[in-house]
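Worksheet for the structure shown next.
The values are calculated or read from the model by the stated rules, or taken from the named source; none is laboratory data. These figures come from a predicted structure and were not determined experimentally. No Cβ is skipped: glycine too gets one built from the backbone with ideal geometry, and neighbour counts run over all protein chains shown. Ligands, DNA and RNA are stripped out before the accessible areas are found, and what is left, the full protein with its side chains, is counted by its heavy atoms. Shrake-Rupley method; radii C 1.70, N 1.55, O 1.52, S 1.80 Å.
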Amino acid sequence: FCDGANHCLPAGPLFHKGWYHLFYQYNPDSAVWGNITWGHAVSPDLIHWLYLPFAMVPDHWYDINGVWTGSATLLPDGQIMMLYTGSTNESVQVQNLAYPANLSDPLLIDWVKYPKNPVITPPNGTETDEFRDPTTAWMGPDRTWRITIGSRHNKSIGISLVYQTSNFTTYELLEGVLHAVPGTGMWECVDFYPVAINGSTGLDTSAQGAGIKHVLKASLDDTKRDHYAIGVYDPVTDKWTPDNPKEDVGIGLQVDYGRYYASKSFYDQNKQRRILWGWINETDTETDDLAKGWASVQTIPRNVLYDNKTGTNILQWPVEEIESLRLRSTDFTEIVVGPGSVVPLDIGQATQLDIFAEFEIEIISETKHEKYGCSGGAVDRSALGPFGLLVIADQTLSELTPVFFRPVNTTEGIVETYFCADETRSSKASDVYKQVYGSTVPVFTDEKFQMRVLVDHSIVESFAQGGRRVITSRIYPTKAIYGDARLFLFNNATGVNVKATLKIWELNSAFIHPFLFDQN
């Protein structure tokens with residue numbers, strides 16, 4: 001989604017009168033960054049999308065250098081308040097207010113910018129070009145609204161400032177910060193939302209109280225990585241404290257360990273769930289982007305829940321609507337893959353797939369403590385791994401993208417598991433950035449190694465252990481395309497047999513086209 005766009009950062013997602021709305025940063029003139037305008041698309045199901053006219057263009061002094069990222073807040077009376085960052089005629093980052101011209105319009109085509117914008121300017125001591133991306137507002141116990149905005153202090157301390165408002169036009173900067181982490185640099189695209197400890201549904205952004213934790217996420221401008229942590233929010237002091245300071249925002253968990261940035265969530269009141277959007281940026285050259293005429297896509301929307309089994313992470317899972325694209329399925333049961341083996345999976349064309357795979361290992365030789373992780377990729381052999389899938393591969397394996405597990409014995413005698421994606425052989429193209437991504441993932445003794453992999457021609461989204469860890473890969477195959485794309489199992493471990501059970505669906509294409517206003 002977002003073909004024809006450039007940059008494509010998600011902004012202001014919401015559900016209104018039967019339609020899901022996504023706004024996104026867009027350059028209508030070129031496939032490179034600049035002239036940032038808000039594109040607008042709607043969907044009845046989060047899968048099939050219709051383009052609408054631009055929602056907002058840079059046409060006032062307070063946003064003439066770009067209508068940047070923003071967030072929507074749905075008020076109890078049905079009003080929609082959209083706060084967004086504008087870059088002014090002097091390139092100062094300010095926060096502006098916009099709202100629908102006609103709330104009875106399900107498509108929300110026309111937007112009005114508040115006549116007295118900007119509503120927030122950089123406070124004293126804040127760099128004027130490091131103050132952006134207001135969050136969805138939440139209501140405090142005093143019945144006034146709060147938002148948080150990303151910034152930095154002393155060049156290197158990532159911070160989130162908190163503002164209070166009762167009317168969305170006047171704001172008071174509260175004392176202190178929601179949170180700060182030294183050494184993490186500028187925080188942009190901050191996201192802040194509650195999760196239920198024992199819940200199976202999402203929570204409205206204003207939810208507070210017993211049985212609720214809060215997720216704080218920041219996109220680190222220095223590293224272009226999305227980091228998050230789970231902690232406790234005090235609505236009286238407006239301070240958030242991480243459960244584990246060693247895994248604080250920016251120094252611990254990533255939302256996605258692959259090519260993924262600037263994510264934004266929203267509460268879907270239609271199905272009582274929190275949905276997460278993320279931006280997949282390109283890894284080829286600017287020249288390539290100009291040649292193809294577009295750059296960047298969105299991930300499949302993800303449902304977000306708290307992982308009450310680990311108590312340390314969120315779970316991300318593709319929205320259930322993706323299942324509407326499933327066509328024929330193929331099952332494989334307990335295929336044994338010996339050390340050093342590759343097994344083809346005969347499913348025909350393998351460019352658009354939804355794959356569920358479970359792996360069990362049988363140790364066949366003595367193992368010892370090994371210092372392995374993801375960095376060596378799928379060719380780096382150890383006793384217990386790697387093993388998994390080869391996706392977007394051609395018949396001769398001249399191009400392939402391994403998605404795999406690598407268990408390792410630690411010095412404490414326990415098994416630690418890595419979940420990885422290896423792009424180093426994903427394309428024969430030379431001007432593409434190809435990397436190995438991954439991290440450790442919790443796997444309990446009563447669990448098998450489980451992955452779900454969504455394959456879509458040049459995008460691979462991989463979910464381990466029910467979504468405890470996610471890796472998005474942006475690849476550029478030249479051989480493993482269309483009818484020549486294949487799927488394989490592999491086991492490159494030296495000391496285990498791997499038993500694999502899979503269910504694989506071929507996926508239909510989702511349509512993305514302009515909204516036809518002359519038809520019902």
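Overview of results
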| quantity | calculated |
| --- | --- |
| Tail beyond 17 Å, pair distance distribution of the range 174-243 (Cα, percent) | 45 percent |
| Part-to-part distance (alpha-carbon centres) for the range 269-311 and the range 447-520, which is given in Å | 14 Å |
| Computed over the range 32-152, Cα set: Rg, Dmax in Å | 15.1, 45 |
| Apportionment of accessible area to carbon and sulfur, the chain, percent (1.4 Å) | 50 percent |
| Debye log10 I(q)/I(0) at q = 0.11 Å⁻¹ for the range 289-354, Cα point scatterers | -0.57 |
| Ordering of 415-421, 386-392 by packing [mean C-beta count within 10 Å, highest first] | 386-392, 415-421 |
| Rg over Rh [alpha-carbon atoms, Kirkwood Rh] for the range 115-262 | 0.95 |
| Coarse-grained scattering of the chain at q = 0.06 Å⁻¹, given as base-10 log I(q)/I(0) from a Debye sum over alpha-carbon atoms | -0.28 |
| Heavy-atom accessible area order for HIS153, HIS40, largest first, 1.4 Å probe | HIS153, HIS40 |
| Amide hydrogen neighbours beyond the local backbone of ARG132, cut-off 5 Å, H modeled | GLY150 |
| 26 Å Cα-Cα reach of LYS213 towards lysines, excluding residues that sit fewer than 8 places from it in its own chain | LYS224, LYS239, LYS246, LYS264, LYS271, LYS309 |
| Equivalent ellipsoid, the range 422-495 (semi-axes from 5 times Cα gyration tensor eigenvalues, Å) | 25, 14, 13 |
| Rounded if a/c under 1.5, otherwise prolate or oblate - the range 347-473, Cα gyration tensor axes | prolate |
| At most 15 other Cβ within 10 Å, DSSP loop - GluC sites (Glu not before Pro), the range 418-520 | GLU447 |
| Charge context of TRP145, other residues only, Cβ under 15 angstrom, K/R +1, D/E -1 | -3 |
| Low-density loop cleavage sites - chymotrypsin sites (Phe, Trp or Tyr not before Pro) in the range 147-215, where at most 12 other Cβ are within 10 Å (DSSP) | none |
| Å² of accessible area per residue within the range 373-504, as computed with a 1.4 Å probe and no ligands counted | 33 Å² |
| Environment charge at VAL42 (Cβ cut-off 15 Å; Lys +1, Arg +1, Asp -1, Glu -1) | -4 |
| Computed over the chain: relative contact order in percent, which uses C-alpha pairs under 8 Å that are six or more apart | 13 percent |
